[in-house]
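Peer 1: Here's a structure for you.
Every number here is computed from the coordinates shown, using simple stated rules; none is lab data. These figures come from a predicted structure and were not determined experimentally. Methodologically, a virtual Cβ is constructed for each residue, glycine included, from the backbone with ideal geometry; neighbour enumeration extends over all protein chains shown.
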Amino acid sequence: MSIASALMQQLLRIADEQRAARIVDVEVRCGVLQQVVPEALQLAFEALSAETPAAGATLKIVEVEPVARCRACNERYPARLDIYLCPRCGQADVELLAGRDIVLQSVTCETEDRAAV
């Protein structure tokens, strides 16, 4: 619910800034390491968006797989939630490059004259 609440705050700010009458489509990229349950986020979004410009908006949730880079040998590889060993050198000294962020990727709005923004 807290993720959906933060998302709604951003969406309402964007709608206000763009003078949008309605939010039509929303795309959110969720890193797998955040362990967001897409169905739960969808339900929370629907509940919080009721009676707002985002009511009825389509929420697309794109899961982003984790990617790590070994600091020892610079190898990039798909990381797992519980194992960060480099497949090349066996070290566990990694930098996570993807998979832990939640990003509002895009928003499509309609203005009063029905033009998409």
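Peer 1: Once you treat every alpha carbon in the chain as an equal point and sum by Debye, what is log10 I(q)/I(0) at q = 0.22, 0.23 Å⁻¹?
Peer 2: Taken in order of the listed q values, log10 I(q)/I(0) reads -1.08, -1.15.
Peer 1: Can you give me the angle between helix 2-18 and the longest principal axis of the chain, using Cα atoms only, in degrees from 0 to 90, rounded to the nearest 10?
Peer 2: Approximately 50 degrees, to the nearest ten.
Peer 1: Right, next: May I ask for the angle, rounded to the nearest 10°, between helix 38-49 and the longest principal axis of the chain, with both axes built from Cα atoms and the value confined to 0 to 90°?
Peer 2: Compared with the principal axis, the helix lies near 30 degrees.
Peer 1: Figure the gain on full extension for Leu104 and Val24 (residue separation times 0.36 nm, minus the Cα-Cα span) and round it to one decimal in nm. The partial results should precede the final answer.
Peer 2: Numbers: separation 80, 0.36 × 80 = 28.80 nm, distance 1.42 nm.
Roughly 27.4 nm would be gained on extension.
Peer 1: Now, a different point. Across region 101-106, in residue order, what do the Karplus-derived ³J(HN,Hα) couplings come to in whole Hz, using 6.51 cos²θ - 1.76 cosθ + 1.60 with θ = phi - 60° and x for Gly and Pro?
Peer 2: 9, 10, 10, 6, 7, 7
Peer 1: Amide H of Ile102: which non-local residues (sequence gap of 5 or more, or other chain) have their own amide H closer than 5 Å, using H built in the peptide plane?
Peer 2: Gly31
Peer 1: Shifting gears a bit: Could you give the longest part of the chain that holds none of the GluC sites (Glu not before Pro) found in DSSP loops with at most 13 neighbouring Cβ atoms within 10 Å? If you can, show how the numbers build up before the last one.
Peer 2: Numbers: sites that count: Glu51, Glu112.
The longest uninterrupted stretch comes out as 52-111.
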